[in-house]
Amino acid sequence: MSSEPVLEAIDIVKELGSGAGKVRAVKGASLTLVPGELTLLMGPSGSGKTTLLSILGCILTPTSGTLRIAGVDTTKLGPEEMADLRRKHMGFIFQSYNLFPTLTALENVRIALDVRGQKGFAAANRSEEVLRDVGLAYRLKSYPGNLSGGEQQRVAVARAIASSPSIVLADEPTAALDGENGHAVMALLARIAKEQHRSVLAVTHDPRTLSYADRVVRIEDGRIVGEERRPEGLDAPEIADLTKRRKAHA
């Protein structure tokens with residue numbers, strides 16, 4: 001499997017506002033993501049981490065700097081090409097789940113495939129497959145209002161990975177969850193990175209997430225100020241336990 005970078009951000013600057021109210025939210029940040037790793041982007045409120053995540057997800061355009069996704073320089077793309085790149089390579093997970101309340105879990109995942117042009121039986125089968133993979137085989141026809149917070153976030157994870165993106169971006173994925181569900185979601189994201197060889201980046205200030213990360217990147221005042229990496233071969237107990245239980249029931 002390739003360990004070539006799937007995302008390269010170089011000297012990213014983002015200015016917000018104009019005139020006297022202009023602020024520089026991101027100040028020359030550089031970051032590289034490779035497949036098979038769960039990276040945490042951590043920093044205090046107002047540090048620029050969510051703004052940087054939006055740039056990496058091709059939602060915001062940087063004021064200056066270079067962003068390459070799968071080798072493609074995004075500064076050379078128009079809006080439609082950027083949207084196509086985002087649909088092809090990005091999966092998003094949000095703190096507030098962003099599920100449609102009138103759609104079942106299965107339908108919430110399937111609609112994400114519909115907008116990518118995947119329809120019919122293939123989309124339905126794929127939606128069921130990813131929901132089973134995140135442990136929700138018994139919740140396929142349940143509506144969000146009948147799901148716990150942890151279950152709703154797992155639906156959101158299934159939706160994010162349904163189209164097999166190379167990059168999964170998560171914005172505070174555990175912030176609305178209790179301890180047990182927070183650990184379960186982080187174990188799931190770590191497993192997706194490892195077993196599906198995706199690059200997963202989670203913005204968080206939750207210390208519960210640290211044991212699941214392969215790498216922790218720290219941002220303060222719009223600048224990357226440090227990076228820590230877990231030693232090779234070291235795994236969080238919850239990840240190892242989750243993987244063993246999945247294989248036992250396979």
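Rule-based calculations on the coordinates, nothing more; no lab input. Just so it is clear, the structure is predicted and the values come from calculations on it, not from any experiment. Note that we place each Cβ from the backbone using ideal geometry, even for glycine, and neighbour counts take in every protein chain shown.
What to note about this one:
- When every Cα-Cα distance of region 105-205 is counted in 5 angstrom steps from zero, the calculated P(r) takes the values 2, 13, 25, 24, 22, 10, 3, 0, 0 percent.
- Axis of helix 179-195 versus longest Cα principal axis of the chain: the two differ by about 80°, to the nearest ten degrees.
- For the chain, the antiparallel share of DSSP beta bridges with both residues in that region comes to about 55%.
- Anisotropy class of region 50-121 from Cα gyration tensor, a/c 1.5 cut: oblate
- In the chain, lysine pairs closer than 12 Å at Cα, eight or more apart or cross-chain: 4
- Whole-percent pair-distance distribution, where bins are 5 Å wide, for the alpha carbons of region 1-83: 3, 13, 24, 23, 19, 11, 4, 1, 1, 0
- The long axis of helix 120-133 is offset from the longest Cα principal axis of the chain by roughly 90 degrees.
- In the chain, the longest principal axis of the Cα atoms and the axis of helix 79-89 are about 50 degrees apart.
- In this simple spin-label approximation, residue 205 and residue 146 carry label points 7 Å from Cα along the Cα→Cβ vector, and these lie 3.7 nm apart.
- Region 17-48 residues near the modelled residue 3 label - backbone nitrogen below 19 Å, point 7 Å along Cα→Cβ: 31-40
- Highest-first arrangement of 96-103, 159-166, where packing means the average Cβ count within 10 Å: 159-166, 96-103
- For region 81-134: rounded, prolate or oblate by the Cα gyration tensor [a/c cutoff 1.5]: oblate
- Normalised by residue number, the volume inside the convex hull of the Cα atoms of the chain is 139 Å³ per residue.
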